[in-house]
Amino acid sequence: MFKFLINVLSFSLTDMIRILTFYITVWGVATTIFDFKEFKFYYLIFIVSLFIVLITLLIKNFFKLKSKKLHFDFNSTRKFSILLGDYLENMQYISDKKVNAEQNTLFVVGLDQSGLLENASNGSVLSDLLKLLEQEGINRSDLQNQLNECVKSQLNIDLNDSTQKLALGDIVLVKFKASLKFRTSNILPILFVVNSFKTAEGLKYNDLDNIKGIDSRKIIIDIYSKFHELKQFDRLFLGAIGTNKLKFPYSILINEVITGFAFAVANNFEIKQVYFSIREIDMENQFLDRGNLINQATSLLKYYSNNIS
């Protein structure tokens, strides 16, 4: 708790300095013009108001840093949200009736180049998603068949043919037929992005975590472009794609996802909101705290919103 309070103070420092500078300036002017003895009551009110403003700021930032749902307005019709926590937990948040975003949200998930769901690396979004679906009684082979059909119809690739394979960067939309307790719809739309492959050593020893992949920056814009091309959704849900076993830096990925959002807005893509899901444990492993995250996202979104109509 003490560490968290220090983070609140650190996060509030710039605004506190700005407020103090303003009050000191006003105080200096006021004491030059008005006699302190005659107006000491008003000076007292002035000092009390300073403390109220500072305390209000600290309380506001306390709850902002405590919150796991961070929402930033890009403009009057577009919003960027950072959801701290597990991907599946945040997926359920999207399905909450109060949020009312389930029907129009497209979920993005990374996929191994083999196209085989069983090759999902441990700890990946896909691995966690498969476990959830299986707990709901949904057979993995049925999911694989649905994926294969979509790959064949959209990319003209037959995953049952050993001579054919997906390419890094390939993107395919699968509307899984899956009845989940937390969703009212029995369709779960997943946009699969081929972003990794097993190394020769990984294949030899059947090591799901021995993988290589492509720089996430190369596929972020492609994801937004595909989203626009589909014209079926107005909200996009992204996990920290490429950060699991590929060790892609969160701080850079955040910039790229926001930049991609700005690209979509600048090109008039019909996108109302982006949800960016981040696991806090991964943030901690990369020494990225909430204060840094909020400052980074706020400054970048402010820059783009001021420069993009």
Which residue out of K79, K64 is at pLDDT below 80, under 22 Å from I254 (Cα atoms) and surrounded by 12 or more Cβ atoms within 10 Å (Cβ to Cβ)?
-> K64
Scan the range 200-240 for residues that are surrounded by fewer than 16 Cβ atoms within 10 Å (Cβ to Cβ) and modelled with pLDDT under 75 and jot them down.
-> A200, E201, L203, K204, Y205, N206, D207, D209, K212, D215
If P189 passes every condition in (1) over 23 Å from the mean Cα position of the chain (by Cα); (2) not in a helix (DSSP H, G or I) but one, which one does it miss?
-> (1)
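Residues are listed down the side, and each one gets a yes or a no for (1) aromatic (F, W, Y); (2) without any contact (Cβ under 8 Å) to a residue 12 or more places away in the chain; (3) in contact with a Lys or Arg (Cβ under 9 Å, 6 or more places away or on another chain); (4) closer than 30 Å to K212 by Cα:
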{"position": "L57", "(1), (2), (3), (4)": "no, no, no, no"}
{"position": "K69", "(1), (2), (3), (4)": "no, no, no, no"}
{"position": "G85", "(1), (2), (3), (4)": "no, no, yes, yes"}
{"position": "L88", "(1), (2), (3), (4)": "no, no, yes, yes"}
{"position": "S141", "(1), (2), (3), (4)": "no, yes, no, yes"}
Please report, ordered by residue number, the helices (runs of 4 or more DSSP H) entirely within the range 82-165 with at least 1 residues that are of a type in the set (D, E) and exposed (fewer than 13 other Cβ atoms within 10 Å of the Cβ).
-> 125-135, 140-155
If only one of I271, I294 is touching a residue at least 24 places away in the same chain (Cβ under 8 Å) and either out of contact with any Leu (no Cβ under 9 Å at 6 or more places or on another chain) or in a helix (DSSP H, G or I) (or both), which one is it?
-> I294
Is one or more of the residues making up the range 53-69 under 16 Å from L238 (Cα atoms) and of a type outside the set (G, A, S)?
-> yes
For S12, state whether it is within 35 Å of the chain's Cα centre (by Cα), farther than 30 Å from L236 by Cα, modelled with pLDDT under 85 and not aromatic (F, W, Y).
-> yes
I294 versus (1) surrounded by 15 or more Cβ atoms within 10 Å (Cβ to Cβ); (2) modelled with pLDDT under 75: which is the lone unmet condition?
-> (2)
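For every residue, the table says whether it meets (1) within 35 Å of the chain's Cα centre (by Cα); (2) among the aliphatic types (A, V, I, L, M).
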position	(1), (2)
I24	no, yes
G28	no, no
D35	no, no
V48	no, yes
L70	yes, yes
S81	yes, no
M91	yes, yes
Scan the range 260-298 for residues that are among the hydrophobic types (A, V, I, L, M, F, W, C) and in contact with a His (Cβ under 9 Å, 6 or more places away or on another chain) and report the count.
-> 3
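The values are calculated or read from the model by the stated rules, or taken from the named source; none is laboratory data. Owing to the predicted nature of the structure, the values given are computational and were not obtained by experimental measurement. With ideal geometry, Cβ positions are generated from the backbone for all residues, glycine too; neighbour counts draw on all protein chains shown.
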